[in-house]
1. Given that just one value was derived from the coordinates, which of [x] 1.38; [y] 1.76; [z] 1.13 is Cα Rg over 2.2 N^0.38 Å?
2. Give me, ordered by chain and number, the residues 5 or more places off Tyr58 or on other chains with an amide H under 5 Å from its own placed amide H.
3. Fully extended, how many nm does the chain gain between Glu66 and Leu24 (0.36 nm per residue separation, minus their Cα-Cα distance)?
4. Going toward the positive end of the dipole of the chain, with +1 on Lys and Arg Cβ and -1 on Asp and Glu Cβ, which of His7, Ser43, His33 do you reach last?
5. Please report, as a whole percent, how much of the solvent-accessible surface of the chain comes from carbon and sulfur atoms (probe radius 1.4 Å).
6. Enumerate the calculated ³J(HN,Hα) couplings along segment 8-15 in order (Karplus 6.51 cos²θ - 1.76 cosθ + 1.60, θ = phi - 60°), each rounded to whole Hz, writing x wherever the residue is Gly or Pro.
7. Can you list the HN-Hα couplings for segment 34-45, worked out from phi with the Karplus curve (6.51, -1.76, 1.60; θ = phi - 60°), rounded to whole Hz and with x for Gly and Pro?
8. Which percentage, to the nearest 5, of the DSSP beta bridges contained in the chain is antiparallel?
Amino acid sequence: MPNAQPHRPEPRGILQDAGELAVLSEDSGQVHHRFAMVVAFNSEEELRQALADHHCAYRDGQAIQERIANG
């Protein structure tokens with residue numbers, strides 16, 4: 001295939017928090033989300049790849065693991 005993209009590993013994020021969240025950004029100010037997840041990446045390149053591919057995998061961060069363990 002002449003236009004085939006080289007295989008890149010799926011970007012992996014860390015689920016840092018979930019639930020009701022307020023996000024503050026320079027572009028849109030504060031936005032409140034009733035049902036949301038915060039997924040963080042180890043590098044800007046992994047973040048850009050996840051956005052470009054519209055896909056990523058994630059693992060639970062420490063706070064989420066504790067939330068699951070404590071119900």
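The values are calculated or read from the model by the stated rules, or taken from the named source; none is laboratory data. None of these values were measured; they are calculated from a predicted model. Here the Cβ positions follow ideal geometry from the backbone for every residue, glycine too, while neighbour counts run over all protein chains shown. Only protein heavy atoms, including side chains, enter the accessible area calculation; ligands, DNA and RNA are left aside. Shrake-Rupley method; radii C 1.70, N 1.55, O 1.52, S 1.80 Å.
1. Checking each listed value against the structure points to [x].
2. Gly13
3. On the way: separation 42, 0.36 × 42 = 15.12 nm, distance 2.53 nm.
Residue separation times 0.36 nm, minus the Cα-Cα distance, leaves 12.6 nm.
4. Highest projection toward the positive end goes to His7.
5. Numbers: 3070 of 6020 Å².
That share works out to 51 percent.
6. After applying 6.51 cos²θ - 1.76 cosθ + 1.60, I find 10, x, 5, x, 10, x, 10, 6 Hz.
7. 6, 10, 8, 10, 10, 10, 9, 10, 7, 8, 5, 4
8. Details: 11 of 15 bridges.
Antiparallel bridges make up about 75 percent of those DSSP assigns within the chain.
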